[in-house]
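Read through the structure below, which is laid out as structure tokens, and then see the notes.
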Amino acid sequence: MPHLSFHSWTGNSICVLLVLYALAAAGGCSRGKGMSVRPATPDASPGDGQVDESLTVDQRQTLDGAAIADAIILDQRLESDQSPGPDLLVDLRSPSDSPGDGDLTDSSGTKDVVSGEVPSCVSSGGLSFSRPQVLPGVNGEKGVVMAATADRNLVAVGGTTEGVGTYYVDSLDGGRSFRSPVKLSGFGPDNLNLAVGSGGVYATSASFAAHTSVFLWYAPLGLGPEPPSFQAIELNPIGAYFGNPVPGPNGRIAVLLGYDTWDSSGGEMITTAFQDLVFSSPHKLFWPEVCAAGIYHSNGSLYIAYGLDTTNGPIMEIRWSSDGGTTFTEPVRRTSSGGDVWCPKMYELPDGNLLLANREGYALNPPQRTVAVTFDVAGNQFYTQVIIDQGDIVCSDSARTAAGRLYVSATFGDPGDALQGVNLRYSDDGGSSWSAPYSIPGMAITAGCPELAASSDELYILWREGSDFLLSRAGGATACD
């Protein structure tokens, strides 16, 4: 069993090659950033659900033209004779600044990253960004994952510079203050995943010890000054090396597990439990193991979506279970004209359809692109795909507020070179049209690859600066409170 210290699929030459620039640019392949998988066998072919048509953002009607035109120019922009174009990225931190310079700590123990070029609030085009803060309790060179609830419970899991181990930290007010960090384990973090639901918070990490396995930590998200107390469970099968928790209604939880072998005896597994956390015996869904998104639909079904490479080309598949994960339908497939399908995220829209956001493209053969596609739950077919961004995209992520705004980030750069900035866009109509790109105030051009999470009305943005992780909020004016 290969020991992976980043969230990736073993046996895949593309992600192995990605290490050369991913470690330099983003600290490795992390959750929501996208991975490829080994070719599936037997060969998959497009099914009735495929859609060939793709539209770019420019082919769609834009949102609030005057506001969007202004959105690319930050209120605190630098004086310049150059007219701002749609890809203008403004770095509000001076090159000499570092996360530790001029740090201020408020009564909550949260540190602000303060520089003369970073105001406490940047507002543009109706979107406000709070000044970046240092995330307490989680830092270092390992990856980090973040999730949030509609009522602004914000949770993060990662490592620290103090040594080996997996740590948890949370905020009950959207990152304005934090409770004391909790050490979850003396190993990891590796292949992290994190989710919050009605039953609480669920975090997973691989353990590479005498044997490879996946540990799950669970705790309710309670109010009060003290952080939650976690229960730890080592999931079967022994030999699994990543797990993706998918919370459901009434405390139900499914975990999608990757069990890696060099033949079809391994693959994608699933195990489920209720609030008692007595998990079912894991059973195999298909081979190979993949980077699958999962969501419990309001109709009671569990949907999963993922990308596969076949000799007929890259495809996306979606399938669902009406019995809590015991059995699944045959997949509905769509071809990808843009290259490999990287880790998707999936959201339920008000009309009951599913919206998928992900990156497509071959890692070392740009251009890549970020895309949004809708799946018709009633008709069991994909709608037209919309291309959000395209170019030399090295990573992306997405998050959707409970109020319905979907944010997608795209980080640009060339393999082996410094990153070239981040586009942040949003859609208020289920992915049909998108805003002009925003830069993220306080994020260095060479940082990038942010993690995104959202509450009812706020977007949370987390990225690495040196050994620290910086957190900013975006949304209405209250995001700066």
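No value in this document is a laboratory result; all are computed from the given coordinates. These figures come from a predicted structure and were not determined experimentally. Please note: Cβ atoms are built from the backbone with ideal geometry, for glycine as well, and neighbour counts cover all protein chains shown.
Here are the numbers for the structure shown:
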quantity	calculated
Tail beyond 14 Å, pair distance distribution of region 287-334 (Cα, percent)	52
For region 278-371, diffusion coefficient by Stokes-Einstein and Kirkwood Rh (Cα), 10 °C, 1.306 mPa s, µm²/s	111
Directionally averaged shadow of region 341-481, computed from the convex hull of its alpha-carbon atoms, nm²	8.8
Cβ crowding within 10 Å averaged over residues, with 308-315, 439-446 ranked highest first	439-446, 308-315
Point-to-point label distance, Asn365-Ser180, nm (Cα→Cβ direction, 7 Å offset)	5.4
